[in-house]
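Have a look at this one.
No lab work stands behind these numbers, since they all come straight from the coordinates. Small disclaimer: the values here were computed from a predicted structure and weren't measured. Ideal geometry is used to build each Cβ from the backbone, glycine not excepted, and the neighbour counts take in all protein chains shown.
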Amino acid sequence: MVGLDEARGGLLRGAVFNGGGRECARAAPVRVAALLMGVWMLSSAAGNYLAGALEKIMSGTGIPPYLFLTESSIGAGVLLLVLTPLLHKLLRSRDMSTVA
């Protein structure tokens, strides 16, 4: 069973994350605000679908899904930190070649 404090925390986190899309749409130009809200809702739906698919795939492995997500996110972050200098170098060389 989920305790009352955990349920309140989940509701608060949900309200904060859901409110982020509305705030982004308010900061956007008027002509693309509806498009951004649609993208926000579509990404939420895709995330929920992928979470269910991950749970289904991971159910037979014995690896907890949250542990897998945590470790893969940390791994992706470390990979990006390692690749950042190479990407900066490639972008600088590309920018220099376009200067006439």
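Residue by residue, what Karplus-based ³J(HN,Hα) values in Hz, rounded to whole numbers, does region 40-53 have, using 6.51, -1.76 and 1.60 with θ = phi - 60° and x for Gly and Pro?
With the stated coefficients, region 40-53 comes to 4, 5, 5, 5, 5, 5, 5, x, 5, 5, 5, 5, x, 5 Hz.
Moving to a separate point now. Given labels modelled 7 Å from the Cα in the Cβ direction, how far is it in nm from Asn48 to Ser73?
Between Asn48 and Ser73, the label points sit 1.9 nm apart.
Taking the simple approach of a point 7 Å from Cα along Cα-to-Cβ for both Met58 and Val30, what is their distance in nm?
Label-label distance for Met58 and Val30, simple model: 4.5 nm.
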